[in-house]
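Student: My structure is below; once you've seen it, I'll send some questions.
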Amino acid sequence: MSAEAKNDAVRTEGLDVWLGGTHAVCGVTVAFAAGRTSGLVGPNGAGKSTLLNCVSGLVPASSGEVYLYGDRTTGIKPHQLALRRISRSYQGAQLVGELPAVDNVMVGDHVGLRTGLVSAALGLPRARRAERAARERALHALERVGLAQYAFRPVKELPYGIQKRVDLARALVSDPRCIFLDEPAAGLSRAEKEEVVEVLAGLRVAGGPTLVVVEHDMRVINQLCSEVVVLAAGAVLAAGPPETVLNSPEVVAAYIGRGSKEQVESE
Ligand SMILES: Nc1ncnc2c1ncn2[C@@H]1O[C@H](COP(=O)(O)OP(=O)(O)OP(=O)(O)O)[C@@H](O)[C@H]1O
Ligand SMILES: [Mg+2]
């Protein structure tokens, strides 16, 4: 494997995904650099979620390849991602409404909870210790996103903006080296978006995780991302620094079906 390949957290080569009769991802060759925060943008239906779903094993590639940190992972199963310290959030926060926030966050801790299934079933002390430690990690993740005070509230009682941050805590709890975030700020107020941006900006430290952020709000993208990939109709339209890419005429034109240039800049 080349040194360059290792420097990419995610790389796809000629990736195609068909969903029923829809060619959702069309021959996409793209790379997201390790240790950076990259944006993945494009109009509705461009294939952004499908691309994330494919690299995280939720939908199969029809052809082409996926590499994570230089290892070929095409066809990887979602639970195997956790062992590679890769996590993700979902476009609609997929939480269990009846459960407290802390329990929802523990669900993201695949690696921490993997050990001792037999001892857990038998209620052995080792399993109880492991569960306590997992609970501590979940509480810490909730603290990192500023939600310590909501830890024991059932999530269905919490406003959507808070639920989105619980989902973020769930993506953070396993100490991943790469996180895919599918619209972390969607449906949030301006103030709630600022809180999400602040949490994500706080992760951009030396040794912090690679972030790949799908987002329609270009203010969020501009604040967080050092590079951006634009998808349109399943294909890569442009890639590069946000200030160059987002103002290019073809990118503005790609958004025209759903809005104006102002939407591209500051939706
Ligand atoms: N389960 C499915 N079955 C068939 N087609 C699908 C399915 N899910 C998505 N599609 C289609 O695949 C294409 C890509 O959808 P995708 O959800 O990846 O787009 P997106 O860029 O994430 O859009 P959005 O910004 O609205 O979330 C669209 O044409 C969509 O209608
Ligand atoms: Mg989507």
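Student: Taking interchain pairs and intrachain pairs at least six residues apart, which have beta carbon atoms under 9 angstrom, with the first residue in segment 144-168 and of a type in the set (G, A, S) and the second part of a loop (DSSP other than H, G, I, E, B)?
Tutor: Pairs that qualify, where the first residue is of a type in the set (G, A, S) and the partner is part of a loop (DSSP other than H, G, I, E, B), are G161/G187; G161/L188; G161/S189.
Student: Only one residue in G57, G75, G39 is in a loop (DSSP other than H, G, I, E, B) and either within 16 Å of ligand 2 (Cβ to nearest atom) or within 18 Å of the chain's Cα centre (by Cα) (or both). Which one?
Tutor: On inspection, the qualifying residue turns out to be G57.
Student: Criterion first (in the same structural domain as L81 (by TED's automatic domain parsing), of a type in the set (S, T, N, Q) and modelled with pLDDT of 95 or more) does S2 satisfy it?
Tutor: Against the criterion (in the same structural domain as L81 (by TED's automatic domain parsing), of a type in the set (S, T, N, Q) and modelled with pLDDT of 95 or more), S2 does not qualify.
Student: Further question on the same structure: Could you say which residue among A233, A254 is more than 25 Å from I86 (Cα to Cα), assigned by TED's automatic domain parsing to the domain that holds E13 and touching a Leu at 6+ places or on another chain (Cβ under 7 Å)?
Tutor: Sole residue among the options that is more than 25 Å from I86 (Cα to Cα), assigned by TED's automatic domain parsing to the domain that holds E13 and touching a Leu at 6+ places or on another chain (Cβ under 7 Å): A254.
Student: Evaluate segment 180-194: report whether one residue or more is more than 16 Å from ligand 1 (Cβ to nearest atom) and within 20 Å of R137 (Cα to Cα).
Tutor: Scanning segment 180-194, I find no residue that is more than 16 Å from ligand 1 (Cβ to nearest atom) and within 20 Å of R137 (Cα to Cα), so the answer is no.
Student: Inside segment 208-227, can you point out the residues that are touching a residue at least 40 places away in the same chain (Cβ under 8 Å) and away from ligand 1 (no atom under 14 Å from the Cβ)?
Tutor: Selection gives G208, T210, L211, R219, L224, C225, S226, E227.
Student: Across segment 236-255, what is the number of residues that are over 24 Å from the mean Cα position of the chain (by Cα) and either under 18 Å from G47 (Cβ atoms) or at pLDDT below 50 (or both)?
Tutor: Count: 2.
Student: With (1) within 16 Å of ligand 2 (Cβ to nearest atom); (2) surrounded by fewer than 20 Cβ atoms within 10 Å (Cβ to Cβ); (3) small (G, A, S) as the list, and G64 as the residue in question, which single condition is left unmet?
Tutor: Every condition holds for G64 apart from (1).
Student: Something else now. Those residues that are among the polar types (S, T, N, Q), within 16 Å of ligand 2 (Cβ to nearest atom) and touching a residue at least 60 places away in the same chain (Cβ under 8 Å), I need them from segment 22-36; list them, please.
Tutor: The answer is none; no residue qualifies.
Student: Could you list, in sequence order, the residues of segment 233-247 that are within 18 Å of R219 (Cα to Cα) and open to solvent by 20 Å² or more (accessible area, probe 1.4 Å)?
Tutor: A239, P241, E243, T244, N247
Student: Give me a count of the residues in segment 157-202 that are aromatic (F, W, Y) and within 16 Å of ligand 2 (Cβ to nearest atom).
Tutor: Number satisfying all stated conditions: 1.
Student: Across segment 172-195, which residue is surrounded by the fewest Cβ atoms within 10 Å (Cβ to Cβ) among those that are part of a helix (DSSP H, G or I) and of a type outside the set (G, A, S)?
Tutor: Taking the candidates together, the pick is R190.
Student: Same structure, new question: Given (1) more than 24 Å from V107 (Cβ to Cβ); (2) touching a residue at least 12 places away in the same chain (Cβ under 8 Å); (3) of a type outside the set (V, I, T), identify the lone condition not met by Q80.
Tutor: Failing condition for Q80: (1).
Student: Is segment 81-90 home to any residue that is at pLDDT below 95, outside any loop (DSSP other than H, G, I, E, B) and within 16 Å of ligand 1 (Cβ to nearest atom)?
Tutor: The answer is yes, given that some residue of segment 81-90 is at pLDDT below 95, outside any loop (DSSP other than H, G, I, E, B) and within 16 Å of ligand 1 (Cβ to nearest atom).
Student: Could you tell me how many of the residues in segment 196-220 are in a helix (DSSP H, G or I) and either surrounded by 18 or more Cβ atoms within 10 Å (Cβ to Cβ) or among the hydrophobic types (A, V, I, L, M, F, W, C) (or both)?
Tutor: Of segment 196-220, the ones in a helix (DSSP H, G or I) are 196-202, 218-220.
Then keep just the ones that are either surrounded by 18 or more Cβ atoms within 10 Å (Cβ to Cβ) or among the hydrophobic types (A, V, I, L, M, F, W, C) (or both); that gives 196-197, 199-201, 218, 220.
Residues in segment 196-220 being in a helix (DSSP H, G or I) and either surrounded by 18 or more Cβ atoms within 10 Å (Cβ to Cβ) or among the hydrophobic types (A, V, I, L, M, F, W, C) (or both): 7 in total.
Student: Moving on to the next point. State the number of residues belonging to segment 71-111 that are open to solvent by 20 Å² or more (accessible area, probe 1.4 Å) and hydroxyl-bearing (S, T, Y).
Tutor: Total satisfying the criteria: 2.
The values are calculated or read from the model by the stated rules, or taken from the named source; none is laboratory data. From a predicted model like this one, the values you see are computed outputs, not experimental measurements. Don't worry about glycine lacking a Cβ; one is built from the backbone with ideal geometry, like all the others, and counts go over all protein chains shown. Surface areas here come from the heavy atoms of the whole protein model, side chains and all, with no ligands, DNA or RNA. Shrake-Rupley method; radii C 1.70, N 1.55, O 1.52, S 1.80 Å.
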